[in-house]
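Visitor: Submitted below is the structure of interest, expressed as structure tokens.
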Amino acid sequence: MPVRRWHAELAVVGDDVHGDVLIEADGERLTAVSAGADRPRGAERLPGLTLPGLANAHSHAFHRMLRGRTDDVAQGTFWTWRQKMYAVAERLDPDGYFELARAVFAEMALAGVTAVGEFHYLHHRAGGGRYDDPNAMGLALAAAADAAGVRLTLLDTCYLQGGVDGRPLDGVQLRFGDQDADRWADRVGALRPGRRLVIGAAIHGVRAVPLPAMDVVGRWAADRDVPLHLHLSEQRAENAACLAVHGCTPTALLASLGVLRAGTTAVHATHLTDGDISLLGGTRTGVCLCPTTERNLADGVGPAARLACAGSTLSLGSDSNAVIDLFEEARAVELDERLVTEERGHHRPADLLRAATAGGMAALGWDAGVLGAGRLADFVTVGLGSPRMAGLRPPWAIGHLVFGATAADVTDVVVGGERVVAGGRHLSLGDVGRRLRSAIAQIDAAG
Ligand SMILES: [Zn+2]
């Protein structure tokens, strides 16, 4: 790939916004980022505010099917929502999953996401039988991300039991299971990483994986130095069941197995004790917050500021994809804590933006999320032409971005030095709304 240059009207470099920033890349990586530079001949103009590529550190692509379809009842809990989610999971095959995931990842690209962590547990046929290639569903996700132009960290998820008490998988859950951790490792071991594909591991949670199997998955990820993610204390019921069976919190249980460490990311971490917060921060375990999903599912509000103070790197995820907007996730972290504490100012805007960029990229195993020489050339431009963005200027530019921008303000997206989105249009997939409509209609028809 030739050397390429872009000239940004404004760009986030470090924690500050600078004007006239020349961004240079050679192939996949940035070679120089210089503020206050004239635009050389041939450099592409980037009008607006350019920032590092956004990382969506926790996604279940197929949950996008449920958007707007689970919000029309007066009553309901996480558990009633889960029944509706299972009804969708029942209907997917590798072809339908590819079509849906390609459109969902394209929706993410339009929102400025350059890397996504897909927490993937829909492995096998309905009933649990294997496809001819037992990784057919994971490979469908990899092909979908490639077609959508985003980096994928495939967090292949171990899911072996139906509850902390060890009850077997039942119904649609049979699709998720590999029978034991060794068979999980054999299957995942056949997946090969690629230029824009990281193969990581996940433990669905303490509910779904017995202790010896958690140990196997934890070691598998540590031996390969790849990301390990796990759902943690999203629901109080999970904590209660863990206390009843193991006599400790899920966090303490994971700590006793050595699973908590830098390189591990706990997703949600909503209902924690003071001791849990110390364990997560003290081990430098990352925490991925998914506030639009957590509020949608009535999960609660986690102690994000205390976790960050304790030493956890924060990242953000769209999780159920009820909303795909990393700016909304970022501001919700602060705004939710304001509601709970009746105080403002828990997170600096630059720290919230860092969770959406460098924090998430680190959780997913990508050397991106910072505009700096040597880093992957992933960046995103937010247009300043909308009424929402009117008046944005330093020194308040990052606050205006985080608290005022929406996914619809993203105009341009570059991944690894290649433009994926220009002028708000996905260059290779065109009409992403049409693709989503078509994929959703096909899966509806299969139901
Ligand atoms: Zn999740």
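Rule-based calculations on the coordinates, nothing more; no lab input. This one's a predicted model, so the numbers in the text were calculated from it and none came from an experiment. Heads up, the Cβs are rebuilt from the backbone with ideal geometry, glycines too, and the neighbour counts pull from every protein chain shown.
Visitor: Extending each Cα 7 Å along its Cβ direction at Ala262 and Asp225, get the distance between those two points in nm, one decimal.
Guide: Computed distance between label sites Ala262 and Asp225 equals 1.2 nm.
Visitor: How far is helix 432-445 tilted, in degrees, relative to the longest principal axis of the Cα atoms in the chain, given as a value from 0 to 90 rounded to the nearest 10?
Guide: 20 degrees
Visitor: In what order do Phe62, Phe403 fall by count of nearby beta-carbon atoms within 10 Å, going from fewest to most?
Guide: Ascending number of Cβ neighbours within 10 Å: Phe403, Phe62.
Visitor: Write down the Å³ per residue value for the convex hull defined by the alpha carbon atoms of segment 255-330.
Guide: Dividing the Cα hull volume of segment 255-330 by its residues yields 87 Å³.
Visitor: Further question: Compute the projected area of the convex hull of the Cα atoms of segment 332-372, averaged over all viewing directions, and report it in nm² to one decimal place.
Guide: 3.2 nm²
Visitor: Related question: Using only Cα atoms, figure out Rg for segment 86-192 and give it as a multiple of 2.2 N^0.38 Å.
Guide: Ratio of Rg to 2.2 N^0.38 Å for segment 86-192: 1.09.
Visitor: Here is a follow-up. Can you give me the P(r) profile for segment 294-351? Cα pairs, bins 5 angstrom wide beginning at 0, each as a whole percent.
Guide: Here the calculated profile for segment 294-351 is 4, 16, 30, 27, 17, 5, 0.
Visitor: List the extent of the Cα atoms of segment 218-345 along each of their three principal axes, largest first, rounded to whole Å.
Guide: Taking the Cα atoms of segment 218-345, the three principal extents are 37, 33, 27 Å.
Visitor: Which one of Ala244, Leu272, Pro193 is farthest out on the positive end of the charge dipole of segment 169-279, using unit charges on Cβ (Lys, Arg +1; Asp, Glu -1) and the Cα centre as origin?
Guide: Pro193
Visitor: Using Stokes-Einstein with the Kirkwood hydrodynamic radius over Cα pairs, what translational diffusion coefficient do you get for segment 291-408 at 25 °C and a viscosity of 0.890 mPa s, in µm²/s rounded to a whole number? Before the final figure, lay out the partial values.
Guide: Values: Rh = 15.2 Å.
So the translational diffusion coefficient is about 162 µm²/s.
Visitor: log₁₀ I(q)/I(0) of segment 1-82 at q = 0.11, 0.17, 0.20, 0.26 Å⁻¹, via Debye over equal Cα point scatterers, no solvent, to two decimals?
Guide: Computed log10 I(q)/I(0) values: -0.52, -0.71, -0.88, -1.27.
Visitor: Next question. Mind listing which trypsin sites (Lys or Arg not before Pro) in segment 24-64 are in a DSSP loop and have 14 or fewer other Cβ atoms within 10 Å?
Guide: Within segment 24-64, the qualifying trypsin sites (Lys or Arg not before Pro) (loop, at most 14 other Cβ atoms within 10 Å) are Arg41.
Visitor: To the nearest Å, what is the center-to-center distance of segment 332-367 and segment 49-114, using C-alpha atoms only?
Guide: Taking the Cα centre of segment 49-114 as reference, the centre of segment 332-367 is 22 Å away.
Visitor: Please state the charge dipole magnitude for segment 291-447, taken about the Cα centre, from unit charges on C-beta atoms (+1 on K and R, -1 on D and E), reported in debye and rounded to the nearest 20.
Guide: Computed charge dipole of segment 291-447: roughly 420 debye.
Visitor: I would also like to ask the following. Between Trp79 and Phe403, what length in nm is gained on full extension when 0.36 nm per residue of separation is reduced by their alpha carbon distance?
Guide: Length gained, Trp79 through Phe403: 113.5 nm.
Visitor: Average the reciprocal distances over every distinct pair of alpha-carbons in segment 360-447, invert the result, and give the Kirkwood radius in Å.
Guide: Hydrodynamic radius (Kirkwood, Cα pairs) of segment 360-447 is 15.6 Å.
Visitor: Still on this model: Please report the orientation-averaged projected area of the chain, defined via the convex hull of its C-alpha atoms, in nm². Intermediate results must be reported in sequence, preceding the final value.
Guide: Details: hull surface 81.8 nm².
Spelled out: convex hull of the Cα atoms, projected over all directions, averaged, 20.5 nm².
Visitor: What is the helix-to-structure angle for 326-341, meaning the angle in degrees between its Cα long axis and the longest Cα principal axis of the chain, kept from 0 to 90 and rounded to the nearest 10?
Guide: It is inclined by approximately 70 degrees.
Visitor: What share of all Cα pairs of segment 93-143, in percent, falls into each consecutive 10 Å distance bin?
Guide: Taking all Cα pairs of segment 93-143, the binned fractions are 25, 50, 20, 5 percent.
Visitor: Say R0 is 45 Å: what FRET efficiency, to the nearest 0.05, do His246 and Ala390 get from their beta-carbon distance?
Guide: The value I calculate is 0.25.
Visitor: Related question: Dipole size in debye (nearest 20) for the chain around its Cα centre, Lys and Arg Cβ +1, Asp and Glu Cβ -1?
Guide: So the dipole magnitude of the chain works out to roughly 540 debye.
Visitor: For Gln179 and Arg348, calculate 0.36 nm times their separation in residues minus their Cα-Cα distance, and state this gained length in nm to one decimal.
Guide: Residue separation times 0.36 nm, minus the Cα-Cα distance, leaves 56.3 nm.
Visitor: Another question, then. Based on C-alpha coordinates, I'd like the Rg and Dmax of segment 145-222, in Å.
Guide: 13.6, 42
Visitor: I would also like to ask the following. Can you list the equivalent-ellipsoid semi-axes of segment 41-133, largest first and in whole Å, using the square root of 5 times each Cα gyration tensor eigenvalue?
Guide: After diagonalising the Cα gyration tensor, the semi-axes are 33, 20, 11 Å.
Visitor: Using the 10 angstrom Cβ neighbour count as an exposure proxy, how do Arg192, Arg236, Arg435 rank, fewest first?
Guide: With the fewest neighbours first, Arg192, Arg236, Arg435 line up as Arg192, Arg236, Arg435.
Visitor: What translational diffusion coefficient, in µm²/s and rounded to a whole number, does the Stokes-Einstein relation yield for segment 387-428 at 4 °C and a viscosity of 1.567 mPa s, taking the hydrodynamic radius as the Kirkwood radius over Cα pairs?
Guide: The diffusion coefficient I find is 112 µm²/s.
Visitor: Here is a follow-up. Using label points projected 7 Å from each Cα along Cα→Cβ, tell me how many nm separate Ala441 and Ala237, to one decimal.
Guide: 3.6 nm
Visitor: Using only alpha carbon pairs under 8 Å that are at least six residues apart, calculate the relative contact order of segment 205-251 and give it in whole percent.
Guide: 38 percent
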